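J.: Got a structure for you, questions after.
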Amino acid sequence: MNVLIVDDDEIALEALSHTLVTAGHEPVLARNGAEVLDKLHTGSVRMVITDWIMPGMDGLELCRRIRESDFDAYVYIILLTGRDGSDGIVEGLSAGADDFIAKPFDPMELRVRVQAGERILALETRTSAAEAASRSKSQFLANMSHEIRTPMTSILGYAEELDGSGLSASERREAIEAIQRNGTHLLGIINDILDLSKIEAGQLECEQIDYSPCKILAHLGSAMGARAQSAGIDFTIECAGPLPQVVRGDPTRVQQIIINLVGNAIKFTKCGGVRLLAQLERLASADGRLHFDVVDTGVGMTEEQAAQVFKPFAQADTSMTRKYGGTGLGLTICRQLAELLGGEIIIVRTQPSVGTHIRASFPTGSLEGVTMVDCPNEAAAVDEGPCLSEAAAAERQLACRILLAEDGPDNQRIITHILRKAGAEVTVVENGQIALESALAAQAENRPFDVVLMDMQMPVMDGYQATTLLRQRGYTGTIIALTAHAMSHDRQKCLNAGCDDYTTKPIKRHELLKLVGRKPRRKIDSHDVRCPCRPTAPGGDSGTDAGASADGSNDATMAGFTGEAKLTDELER
């Protein structure tokens with residue numbers, strides 16, 4: 001530890017310095033009070049040993065000046081004095097000193113008092129850090145309150161409007177779109193919070209599967225191109241040379257990270273554009289690293305702001321929060337996810353009013369024998385809306401019997417309404433025990449349900465237990481999990497219990513209908529003779545897509561995809 005010693009007596013300075021060096025400290029010498037104040041402003045010293053009697057500024061005045069100064073951290077002061085009696089102690093403590101050493105000093109006493117001062121400074125550091133963290137979290141919670149209440153105001157307000165009368169068809173459509181838009185934004189905020197909590201608890205797991213970088217770029221072109229267009233700026237995707245046809249990693253999380261970075265760049269860019277550059281760096285081994293550089297012409301940051309943006313519960317500054325909104329968690333989550341994947345995120349450069357260049361890098365795994373491909377032109381294409389097959393899937397008609405196991409009354413009503421409107425016959429039960437009994441009874445009567453939609457969190461018996469018991473008792477019908485858990489290991493947990501597929505809440509109508517219409521089949525013995533459940537709409541496809549839920553193009557931050565099953569399947573192909 002650095003200890004600043006001030007004394008106009010060269011012999012005393014040498015003796016104090018020798019004692020501190022032998023105790024393992026690094027003495028910093030000063031010969032007057034003004035020199036002490038200059039050195040303290042550097043922030044490298046937090047303990048001062050000063051003589052009381054000095055020419056010019058004496059020890060008492062130095063103590064007062066130190067206490068009046070606005071240093072970043074507390075400075076511990078030990079006052080050297082030849083005075084006896086309590087009057088001198090009272091005067092010194094009143095001036096701001098923390099401790100005293102009598103002259104002539106005892107070397108052992110000096111060492112012990114310096115060690116005591118170190119313990120106090122360490123405690124003060126921890127206290128200051130805890131207070132700073134508490135302030136950051138309080139500020140974060142206040143910001144989160146704003147971020148949550150803002151979309152909720154629109155959702156509840158427009159819902160109340162729809163409950164009234166006298167709205168025109170266009171006004172009703174506007175209200176519905178506002179509710180959907182703000183609901184999606186609110187879901188993104190919730191996903192951010194859940195992602196960070198899982199990361200900090202060490203409960204977030206990343207997959208290691210083969211995926212296509214080019215397909216990620218193609219999806220980014222669709223997902224982010226439209227957002228850039230609506231912001232009135234350009235968005236381009238480029239590749240600096242060929243990319244591997246497949247790499248090893250977690251495509252869901254890689255895409256989540258890049259979409260967050262590009263989304264941030266678009267949000268903070270008012271003119272010019274955003275460029276995403278993908279390139280491969282080959283390493284000495286057979287492995288490589290994929291670099292995704294996001295370069296914008298936006299507001300940029302100072303060095304101080306750039307140092308804050310990756311910290312949890314912090315943003316570049318509060319004025320940014322007020323002007324642009326956001327939770328302040330996006331970049332924190334991105335960096336921690338990248339590190340979980342064995343990669344990193346760095347700010348290459350940033351300058352106020354010029355823009356920012358940020359890079360995300362990920363390991364590729366072994367590239368031995370991997371084909372290199374040119375970046376497809378369609379990677380930068382802008383998606384103009386849902387494709388015709390998706391639109392048709394949303395309107396398909398189902399001719400099948402469905403058992404819905406769901407304990408939430410509101411969820412029962414909306415899911416039942418969606419399915420019945422599509423032509424399905426729906427039986428509703430409120431817990432896993434009744435679902436078990438109903439499915440087995442229908443199978444025994446030779447009128448099995450074509451699909452069981454199984455909520456995984458229910459009273460009496462949850463969906464995991466009900467599904468496991470159904471499989472143990474020979475039930476071969478299709479079971480699709482309904483769950484509010486959207487992580488990859490949650491999907492696997494459903495499949496391990498015996499589900500054929502899963503979809504996440506909140507439910508999206510066209511995806512639910514497409515999944516039920518496709519009715520995924522279990523890989524079981526060839527004597528499986530379940531009844532078909534197919535769409536009856538003319539020309540409707542039977543739903544060969546393996547997607548289970550959302551398309552991975554969540555608006556806002558994309559944190560916590562609701563369609564990991566579909567995204568993984570698409571990127572693996």
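J.: Within 10 Å, count the other beta carbons around each residue, average over each peptide in 247-259, 202-214, and list them highest first. Display every interim value, and only then the final one.
T.: Working: 247-259: 24.1, 202-214: 16.5.
The peptides rank, most packed first, as 247-259, 202-214.
J.: Give me the one-decimal nm value for the distance between modelled label points at GLN180 and ARG349, 7 Å along each residue's Cα-to-Cβ direction.
T.: 4.3
J.: Packing-wise, with mean Cβ within 10 Å as the measure, how do 72-82, 89-99, 163-173 rank, highest first?
T.: Details: 72-82: 18.5, 89-99: 16.8, 163-173: 8.9.
Going from most to least packed, we get 72-82, 89-99, 163-173.
J.: Now for a different question. In the range 262-276, which residues have a backbone nitrogen under 14 Å from the label point lying 7 Å from ALA240's Cα in the Cα-to-Cβ direction?
T.: Flagged as within label range: 275-276.
J.: Taking Cα pairs under 8 Å and at least six residues apart, what relative contact order does the range 136-200 come out at, in percent?
T.: On the way: 26 pairs, mean separation 26.0, N = 65.
About 40 percent, as a whole number.
J.: Taking amide H positions as placed 1.01 Å from N in the peptide plane, with prolines and chain starts having none, which residues 5 or more places from VAL426, or on another chain, fall under 5 Å of its amide H?
T.: Amide H neighbours of VAL426, under 5 Å, 5+ apart: ILE402.
J.: If you stretched the chain out fully between ASP410 and GLU445, how much longer would it get, using 0.36 nm times the residue separation minus the C-alpha to C-alpha distance? Working shown, then result.
T.: Details: separation 35, 0.36 × 35 = 12.60 nm, distance 3.03 nm.
Full extension from ASP410 to GLU445 adds 9.6 nm.
J.: Here's something else I'd like to know. Checking the table LYS267/LYS508; LYS198/LYS493; LYS198/LYS505; LYS198/LYS508 against a 23 Å threshold on Cα-Cα, which pairs fail?
T.: On the way: LYS267/LYS508 26 Å; LYS198/LYS493 17 Å; LYS198/LYS505 18 Å; LYS198/LYS508 25 Å.
Violating the 23 Å Cα-Cα cut-off are LYS267/LYS508; LYS198/LYS508.
J.: Could you order the peptides 422-433, 336-347 from most to least packed, using the average number of other C-beta atoms within 10 Å per residue?
T.: Working: 422-433: 19.6, 336-347: 17.4.
Output ranking for 422-433, 336-347: 422-433, 336-347.
J.: What distance in nm lies between label points placed 7 Å from Cα along the C-beta direction at SER128 and PHE100?
T.: 2.7
J.: While we're looking at this one, here's another question. Would you order HIS417, HIS219 from fewest to most other beta-carbon atoms within 10 Å of each residue's own beta-carbon? Could you put the intermediate results ahead of the total?
T.: Values: HIS417 12, HIS219 23.
The order, fewest Cβ neighbours first, is HIS417, HIS219.
J.: Once the piece of chain linking GLU368 and GLN115 is laid out straight, how much longer is it, given 0.36 nm per residue of separation minus the C-alpha distance between them?
T.: Values: separation 253, 0.36 × 253 = 91.08 nm, distance 5.77 nm.
This chain segment gains 85.3 nm when fully extended.
Since every read-out is calculated from the coordinates, none of them should be taken as a lab result. Everything quoted here is computed from the prediction, not taken from an experiment. Neighbour counts are summed over all protein chains in view; Cβ atoms, including those assigned to glycine, are modelled from backbone coordinates with ideal geometry.
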